[in-house]
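Read the structure below first, then the notes.
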Amino acid sequence: PSSSRVFVVRKDQDIYIQTLRKLFNESHGIFIGLQRSEEELAGKSRKAQLVQVSKNYRSVIRACMEDMHQAAISTRDPALHSQYSTQVSILSAMELIWNLCEILFVEAAAAGPLLLRLLDWVRLHVCDVDNMVREVLSSENPSKHELFWNAANRWFLQVDVFVLQGRMDEARHLLAKEASANPTSVNMYKTLDDLMKKMPVPSLGNTQTLTEMELKWQHWHEECQRYLQDGTFASNSHMESICKILLGDEDAILEKKELLTTWYQFLVTRLLYSHPTVKPMELRFYAQACMDLFLGGESSPEPLDTILMAAFEFEMHQVIKECSIALSNWWFVAHLTDLLDHCKLLQSHNLYFGSNMREFLLLEYASGLFSHHSLWQLGVDYFDHCPEYGRVYLELHIERIPLNTEQKALKVLRICEQRQMHEQVRSICKIMAMKALRNNRLGSALSWSIRAKDAAFATLISDRFLKDYCERGCFSDLDLIDNLGPSMLLSDRLTFLGKYREFHRLYGEKRFSEAAKLLLMLMTAHIAPCSFWMTLLTDALPLLEQKEVIFSAEQTYELMRCLEDLTAGKSDKQKFQDDDVETMKVEMLRLALARNLARVIVKEGTLEGS
Amino acid sequence: AMEDVCAKFVSQKISKTRWRPLPAAALQPPDLFATGSWDNEDNRISIWSVGDLGNVSLNGEYQGEPQLLCDIRHNGDVMDMQFLDQERIVVASSTGTVTVFRHHQNNQTLSANQRWEKAHYHVDQDTSCGGAACTGVICNNPEIVTVGEDGRINLFRADQKDAVRTIDNADSSTLHAVTFLRTTEILTVNSIGQLKIWDLRQQRNEPSQIFSLTGDRVPLHCVDRHPNQQHVVATGGQDGMLSVWDIRQGTMPVSLLNAHEAEMWEVHFHPSNPDHLFTCSEDGSLWHWDTSTDVAEKPSFLHQGGRSTTYFSHNTINQSVVSAWLSNDPTKDRMEITNLIPNQTLSVNSLDILGPCLVYGTDAEAIYVNRQLFA
């Protein structure tokens, strides 16, 4: 595929594509795992751990690519097909860049293994011959292409492809077929096969030092040179060109430009056959040269090329910057930068508003998640790991989440509580409590007030209950009031409500003296609001009128005092406005109290049993 | 064993997972489950199948991912879900609607079979524009009982258009869950920490019994009854506490077990092995509670992963006589508690257990299946 095209896609579409959600969720798990991972591990084991994290990210990208590809081929809608195919190329480019960064930065492969890694890298991103040919044939001017003339000899091309990718065994296997077709060139074939078999490659283990390898390689290179100059392959142009490639002949390699498809494949091939022990710091020179040669002034570098070049030059910040520009979604740069930061590779690069690059990118990414109706939950964890501004961002974003159901509100609340975001807890509980109150769900409203420890709201709810009682003469929602438990203490009004209900219960159970004591206590301990005193005193009436004397003298005096406090408190104007019922009530109370006092004095004055 | 967990990312936050029930005398494990999503503009009910166990080799090789068979759009969050029978699923919605879906096995499709719109609503059915969320549903074919944020209890009958019975304002707070105690009695839990028993034969709209948590009235979110011992009930609270109640005696829980660090969303006794209990929570963990005392039977997965708390053994208590769940001192009788999730992140919203198979769903948009839990 034309891998050097990176498309810029609109941000909204990114978020809403189903398949990308898997990417976001899976990578979230990897991100959290990385933040929690052992920092104490040092040296090799830490590096191995980080490389594994990088591989995990890449496998998630590839899985996503696979899904997207499936979606592309199974859809009948051409617009969707185009959209999905575009996403596949973008994901492929992301994986390409990430993979290179893993090799150069995370693993920091040294000379020797570096080449092997680069070989693996290009092999993951190549096209097979059939696709190449298909593309050529379907292009505007097929005959312009070399491939067109060789299309008939597929395996010709395939051998070349294998050689260019350094896949010697596979190349040799195919060459054997070519040899059997031309019996006259058996000897030639044997020589070439031998050369290919003997080619020294860097080893991954410690079996040989670089110097040893270089010596061997030099020796082998000279041998190839001899055979070429002797004219061993003169009669077979194909084998001759292979030998030239083995010798790292730039022109010979460039001739196969269409099989190389990209300049970085060209770079790796060149390095393989001219400088296999290349050091990381030398890459930049080769890379620049190869890109110039390959593009040759016909085309200018695309964004992907610039990014890869920056990587070869070990300009990490440049890579991140270019990726941010080229890709529409912050996912890639946020996670990659975070990983590089964990590798301790990024100096704290202070941007003008003070936070560092890693944090900036994570904040941007997480903010994007919060704009999604469902992915906001992932965003929370990302904000958690932004030490400077994460909390403030979270506070602002979390308030804007719509709370359609109680369950969602509970989840948001839990997030706030776990982070001691008290303001937000209070605010959410108040919103939910108000909603419940409007829907006449007094129990739910109380439940929310208890969660927020919101005394003021609990008072509000209690007033509602009391108002209902005054209007209807009985309590609603007894199941709630009778079972307040310790939450009764949340607000004085709530305590009063509970106790008042208890008074009614005691009265109903004919436990009059206990009821009387409670009633009095409600007033004297100022648990009852002043507005309710009249009601309470009126409730005392039946107790005063009982055959048996219930209130003691002391208690009666207290009651009288309460009544006087209540009436004295009223201004003259109020007294004038009081209707007859009010005045009559007061009169009745005064009378009842006086009568009770009379009876109780007599009772208390009388000696028992005499 | 725990390595047999199969994860699948499904691009939707899963609120409910339920195994399709097995026919009475079935020997094979369940192979089909349903999921419901939430918090999406386009929520779905999905049916998944898991591969048959016939292909598993001796060392329990890779089972294969759950495969999506069919799905259907659902209006509102899926708040609760239960299989009515082999083909029908009842779903409770955040819009207050209760829907019965039918799964057509021949062509693998789902269709809405019956719907009770505005089964739950605030104030006035005709004037209120939105409904109130229906938070819980329980079935005993053909009866369906639902509860909601409106404090209402509905009794429906499949294929009957109108509700058989409705108890308005059954509760002044939100009813979070409902389950059957007996065929004519139900249990509800609410957001002020109360467990109520309702006798559906009686016409009065009052609970026949009310139980409360001691101390703070922490909201209760889930309830389940012991499959064999009908007086043993377990509930899960907003503070992650597991409470076990003996409803024959007292009005308070028998034991309180501290487990999760956040809301416990679901509690399930294992239907055929009730010495095992499973709970899942907002804190991202899924706990397996094991009171079985036979050492030889101890499942091997208990040695791996997560936190594992072992209490000292004090056996010789005859399990058939006294339920281990009701013993007052969990440290006296051995109870093993294991977290089945090694790397917890987001909330586990739902779980279901049937035979050796466990399925659970998370807010990280993933479904997990383990078909060899006791291997």
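The values are calculated or read from the model by the stated rules, or taken from the named source; none is laboratory data. Just so we're clear, the structure is a prediction, and the values are computed from it rather than from any experiment. Note: ideal-geometry Cβ built from the backbone for every residue, glycine included; neighbour counts use all protein chains shown.
Give me a count of the residues in region A:356-372 that are within 14 Å of another protein chain (Cβ to nearest Cβ) and more than 19 Å from A:C416 (Cβ to Cβ).
Within region A:356-372, the first condition is being within 14 Å of another protein chain (Cβ to nearest Cβ), and the residues that meet it are A:369-372.
Of the ones still in play, those that are also more than 19 Å from A:C416 (Cβ to Cβ) are A:371-372.
The total comes to 2.
Please specify each residue of region A:212-242 satisfying the condition of being touching a residue at least 40 places away in the same chain (Cβ under 8 Å) and over 18 Å from A:Y273 (Cα atoms).
A:T232, A:F233, A:S235, A:N236
Quick check on region B:2-31: of everything there that is hydrophobic (A, V, I, L, M, F, W, C) and surrounded by 17 or more Cβ atoms within 10 Å (Cβ to Cβ), which residue is nearest to the other protein chains (Cβ to nearest Cβ)? Even if it seems obvious, please write down each step before you answer.
First pass over region B:2-31, keeping only residues hydrophobic (A, V, I, L, M, F, W, C): B:2, B:5-7, B:9-10, B:14, B:19, B:22, B:24-27.
Restricting the remaining residues to those that are surrounded by 17 or more Cβ atoms within 10 Å (Cβ to Cβ) gives B:2, B:5-6, B:9-10, B:14, B:19, B:22.
Numbers: B:M2: 17, B:V5: 14, B:C6: 15, B:F9: 4, B:V10: 8, B:I14: 11, B:W19: 22, B:L22: 30 Å.
Out of the qualifying residues, it is B:F9.
When the residues of region B:161-216 are narrowed to those that are surrounded by 21 or more Cβ atoms within 10 Å (Cβ to Cβ) and of a type in the set (F, W, Y), which ends up modelled with the lowest pLDDT?
B:F211
Please tell me if A:W220 is part of a helix (DSSP H, G or I) and either over 51 Å from the mean Cα position of the chain (by Cα) or at pLDDT 85 or above (or both). Spell out the reasoning first.
Values: part of a helix (DSSP H, G or I): yes; either over 51 Å from the mean Cα position of the chain (by Cα) or at pLDDT 85 or above (or both): yes.
Answer is yes for this residue.
Considering only residues of region B:352-375 that are among the hydrophobic types (A, V, I, L, M, F, W, C) and in a strand (DSSP E or B), which is nearest to the other protein chains (Cβ to nearest Cβ)? Don't jump to the end; show me each part of the working.
Keep residues of region B:352-375 that are among the hydrophobic types (A, V, I, L, M, F, W, C), which gives B:353-354, B:357-359, B:364, B:366-367, B:369, B:373-375.
Subsequent filtering for residues that are in a strand (DSSP E or B) retains B:353-354, B:357-359, B:366-367, B:369.
Numbers: B:I353: 22, B:L354: 25, B:C357: 24, B:L358: 20, B:V359: 18, B:A366: 7, B:I367: 12, B:V369: 17 Å.
Here the residue is B:A366.
Between A:G43, A:G29, A:G33, which is more than 14 Å from every other protein chain (Cβ to nearest Cβ) and either modelled with pLDDT of 90 or more or on the phi > 0 side of the Ramachandran plot (or both)?
Values: A:G29 fails: more than 14 Å from every other protein chain (Cβ to nearest Cβ); A:G33 fails: more than 14 Å from every other protein chain (Cβ to nearest Cβ).
Just one listed residue meets the conditions, A:G43.
Scan region A:34-79 for residues that are under 20 Å from A:F105 (Cβ atoms) and not in a helix (DSSP H, G or I) and report the count. Steps first, answer last, please.
To start, the set of residues in region A:34-79 that are under 20 Å from A:F105 (Cβ atoms) comprises A:34-35, A:37, A:39, A:41-62.
From the residues that got through so far, the ones that are not in a helix (DSSP H, G or I) too are A:37, A:39, A:41-42.
Result for region A:34-79: 4.
I'd like the residue in region A:444-478 that is under 18 Å from B:G215 (Cβ atoms), surrounded by 17 or more Cβ atoms within 10 Å (Cβ to Cβ) and of a type outside the set (A, V, I, L, M) and, out of all such residues, is nearest to the other protein chains (Cβ to nearest Cβ).
A:S447
Would a scan of region A:565-583 turn up a residue that is assigned to a helix (DSSP H, G or I) and modelled with pLDDT of 85 or more?
The answer is no; no qualifying residue exists.
Among A:L466, A:L478, A:L446, A:L442, which is closer than 22 Å to B:E206 by Cβ and touching a residue at least 40 places away in the same chain (Cβ under 8 Å)? Talk me through it step by step, then tell me what you get.
Numbers: A:L466 fails: closer than 22 Å to B:E206 by Cβ; A:L478 fails: touching a residue at least 40 places away in the same chain (Cβ under 8 Å); A:L442 fails: touching a residue at least 40 places away in the same chain (Cβ under 8 Å).
After applying the criteria, what remains is A:L446.
Check whether at least one residue in region B:224-231 is surrounded by fewer than 24 Cβ atoms within 10 Å (Cβ to Cβ), in contact (Cβ under 8 Å) with a residue 40 or more places away in the chain and assigned to a strand (DSSP E or B), and report yes or no.
Just the residues of region B:224-231 that are surrounded by fewer than 24 Cβ atoms within 10 Å (Cβ to Cβ), to begin with: B:224-231.
Pick out the ones that are also in contact (Cβ under 8 Å) with a residue 40 or more places away in the chain and you get B:224-230.
Cutting the leftovers down to assigned to a strand (DSSP E or B) gives us B:224-225.
Yes.
Quick one: which of A:S374, A:S367 is touching a strand residue (DSSP E or B) at 6+ places or on another chain (Cβ under 9 Å), within 30 Å of A:S54 (Cα to Cα) and of a type in the set (G, A, S)?
Working: A:S367 fails: touching a strand residue (DSSP E or B) at 6+ places or on another chain (Cβ under 9 Å).
Unique residue meeting the criteria: A:S374.
Please indicate, with yes or no, whether at least one residue in region B:237-255 is buried (at least 24 other Cβ atoms within 10 Å of the Cβ), within 14 Å of chain A (Cβ to nearest Cβ), part of a strand (DSSP E or B) and among the hydroxyl-bearing types (S, T, Y).
No: zero hits.
Tell me, please, whether a residue that is within 14 Å of chain A (Cβ to nearest Cβ) and over 21 Å from the mean Cα position of the chain (by Cα) can be found in region B:228-236. Break it down into steps so the answer makes sense when it comes.
Initial filter on region B:228-236 (within 14 Å of chain A (Cβ to nearest Cβ)): B:236.
Of the ones still in play, those that are also over 21 Å from the mean Cα position of the chain (by Cα) are none.
Looking through region B:228-236, none of the residues is within 14 Å of chain A (Cβ to nearest Cβ) and over 21 Å from the mean Cα position of the chain (by Cα).
Quick one: how many residues across region A:388-422 are within 14 Å of another protein chain (Cβ to nearest Cβ), surrounded by 16 or more Cβ atoms within 10 Å (Cβ to Cβ) and farther than 26 Å from B:S172 by Cα?
Number of matching residues: 4.
Of everything in region B:246-278, what is within 29 Å of A:E417 (Cα to Cα) and of a type outside the set (A, V, I, L, M)? Give them in sequence order.
B:P253, B:S255, B:N258, B:H260, B:E261, B:E263, B:W265, B:E266, B:H268, B:F278 - these are the residues of region B:246-278 that are within 29 Å of A:E417 (Cα to Cα) and of a type outside the set (A, V, I, L, M).
Kindly provide the set of residues from region B:133-191 that are in a strand (DSSP E or B), over 19 Å from B:F269 (Cα atoms) and within 14 Å of chain A (Cβ to nearest Cβ), ordered by number.
B:C134, B:T135, B:V147, B:G148, B:I153, B:I167, B:L175, B:N190
Residue by residue through region A:375-387, note down the ones that are touching a residue at least 60 places away in the same chain (Cβ under 8 Å) and either at the interface with another protein chain (Cβ under 9 Å from one of its Cβ atoms) or among the aliphatic types (A, V, I, L, M) (or both). Lay out the reasoning, then the answer.
Of region A:375-387, the ones touching a residue at least 60 places away in the same chain (Cβ under 8 Å) are A:375, A:378, A:381-382, A:385.
Selection gives A:L375, A:L378, A:D381.
Just give me the residues in region B:199-217 being assigned to a loop (DSSP other than H, G, I, E, B) and facing chain A (nearest Cβ under 9 Å), in sequence order.
Residues of region B:199-217 assigned to a loop (DSSP other than H, G, I, E, B): B:200-208, B:213-217.
Those that are assigned to a loop (DSSP other than H, G, I, E, B) and facing chain A (nearest Cβ under 9 Å): B:E206, B:P207, B:L213, B:T214, B:G215, B:D216, B:R217.
Quick one: is A:E564 touching a residue at least 12 places away in the same chain (Cβ under 8 Å) and more than 60 Å from the chain's Cα centre (by Cα)? Before the answer, list the steps.
On the way: touching a residue at least 12 places away in the same chain (Cβ under 8 Å): no; more than 60 Å from the chain's Cα centre (by Cα): yes.
For A:E564, the condition - touching a residue at least 12 places away in the same chain (Cβ under 8 Å) and more than 60 Å from the chain's Cα centre (by Cα) - is not met.
Given the condition without any contact (Cβ under 8 Å) to a residue 24 or more places away in the chain and either more than 10 Å from chain B (Cβ to nearest Cβ) or farther than 20 Å from B:V218 by Cβ (or both), answer yes or no: does some residue in region A:423-430 qualify? Show your work before the answer.
The initial filter retains those residues of region A:423-430 that are without any contact (Cβ under 8 Å) to a residue 24 or more places away in the chain, namely none.
For region A:423-430, residues without any contact (Cβ under 8 Å) to a residue 24 or more places away in the chain and either more than 10 Å from chain B (Cβ to nearest Cβ) or farther than 20 Å from B:V218 by Cβ (or both): absent.
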